Amino acid sequence: MRKWAFTFLILFLISNCVQKHKQVEKTYEDGVEVVINHLEPYKIKGEFSQLVLDEEIRIDFEKKEFDGLVFRELGLVEADSEGNIYLVETYKALEYFIYKFDKNGNYLEGLARFGQGPGELQQIYTIQIDNQDRILVSDIGNSKIVEYDNNFNFIIETRVKYGLREIIPLENGNYLARRSSEEGMEYTPPFNSFFIDDENRLYVMTYEKGEGEGEYIHDIFNSGGVFIGRKSIGIFGILGRSLNHRWATAKNRRFYRLINKESGYMELVVYNMKWE
């Protein structure tokens, strides 16, 4: 009797383990590998699946220390490898488009002047800093991607056919990007916005309400495109319009979130990211 009970226990544990670590389903279409994700995330052996966010700093632009900075419409946030923070002013009439802060939120300098010459910008729709601290800017006003070094010296610009909003540089030298919709505001994608972290995990903000007030569910995919988890995160940007701006990003194991206060002022919240 004990032998049968022991055998049953072993089979139960094996079955339970298989269920927890289900093999990722894949197929090929036209020679391209396609990951088949389901409604529930995969449990992958040896890979963390739970994200914990702990608030580190909060930069409130309503405070007097920022009185000298006149922001009209902050719409983008990015960070470099040293933790410096870059905020983008999308209003065209101001002198600079990009404002640089150190990792503690102290203002450093204004960057990126308005103009049509090499390295000058008309309207920024996204900013991305790669793992070499090169700064990539999508200028939808001039239909080009502009590249600068980490001191913001102009390197090169590339003309593009479409206005590109989010831009993510890939390791093979290509880009993952979303172009402007030709259907205008009538077209609403099935997601609200997205960003990646240092390990190339993709976070997709859905329209599904999260656990707390003002929070929405984010579907999380690993670098291989496998759906590995979900996380309730406070809203950034405006629902239905966040695709126009990159109000959140993840760098240096930190999550940066721009939020619009009831007073009309902007606030940047920085969290430590921990996977368990």
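The values are calculated or read from the model by the stated rules, or taken from the named source; none is laboratory data. Predicted, not measured: the structure shown is a model, and the values here were computed from it. We place every Cβ from the backbone using ideal geometry, glycine too, and count neighbours over all the protein chains shown.
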#### Entry: segment 189-214 residues that are over 20 Å from Gln50 (Cβ atoms) and in contact (Cβ under 8 Å) with a residue 12 or more places away in the chain, paired with ones that are among the β-branched types (Val, Ile, Thr) and in a loop (DSSP other than H, G, I, E, B) (beta carbon under 8 Å, 6 or more apart)
Gly214/Ile235
### Arg72, sole failed condition from (1) touching a strand residue (DSSP E or B) at 6+ places or on another chain (Cβ under 6 Å); (2) of a type outside the set (A, V, I, L, M); (3) free of Cβ contacts under 8 Å to residues at least 24 places away in the same chain
(1)
### Query
On the given criteria, is Glu183 over 17 Å from Leu76 (Cβ atoms) and modelled with pLDDT under 85?
yes
### Message
For segment 1-21, check the following and say yes or no: at least one residue is surrounded by 10 or more Cβ atoms within 10 Å (Cβ to Cβ) and modelled with pLDDT of 75 or more.
### Response
no
### Task
Check segment 51-74 and report whether any residue there is of a type in the set (Lys, Arg) and either farther than 13 Å from Met266 by Cα or out of contact with any Asp or Glu (no Cβ under 7 Å at 6 or more places or on another chain) (or both).
yes
### Message
The conditions are (1) in contact with a Gly (Cβ under 9 Å, 6 or more places away or on another chain); (2) modelled with pLDDT under 75, and Leu176 fails exactly one of them. Which is it?
### Response
(1)
### Task
Kindly establish whether Gly119 is in contact with a Phe, Trp or Tyr (Cβ under 6 Å, 6 or more places away or on another chain) and either farther than 25 Å from Phe194 by Cβ or in contact (Cβ under 8 Å) with a residue 60 or more places away in the chain (or both).
yes
### Task
Would you mind stating whether Phe97 is under 15 Å from Trp247 (Cβ atoms), more than 16 Å from the chain's Cα centre (by Cα) and not β-branched (Val, Ile, Thr)?
no
### Query
If you check Lys100, Lys144, which single one turns out to be surrounded by 14 or more Cβ atoms within 10 Å (Cβ to Cβ), under 24 Å from Tyr271 (Cα atoms) and either at pLDDT 85 or above or of a type in the set (Lys, Arg) (or both)?
Lys100
### Query
Looking at (1) part of a strand (DSSP E or B); (2) at pLDDT 85 or above; (3) more than 14 Å from the chain's Cα centre (by Cα), which is the one condition that is false for Thr158?
(2)
### Query
Out of (1) modelled with pLDDT of 90 or more; (2) in a loop (DSSP other than H, G, I, E, B); (3) among the β-branched types (Val, Ile, Thr), the odd one out for Val270 is which?
(2)
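Looking at segment 42-97, which of its residues are in contact with a Ser or Thr (Cβ under 7 Å, 6 or more places away or on another chain) and at pLDDT 85 or above?
First pass over segment 42-97, keeping only residues in contact with a Ser or Thr (Cβ under 7 Å, 6 or more places away or on another chain): 43, 62, 73, 75-79.
Scanning segment 42-97 gives Lys43, Glu62, Val77, Glu78, Ala79.
Only residues that are in a loop (DSSP other than H, G, I, E, B) and modelled with pLDDT of 85 or more: list them for segment 234-267, please.
Within segment 234-267, Asn252, Arg253 meet the criteria.
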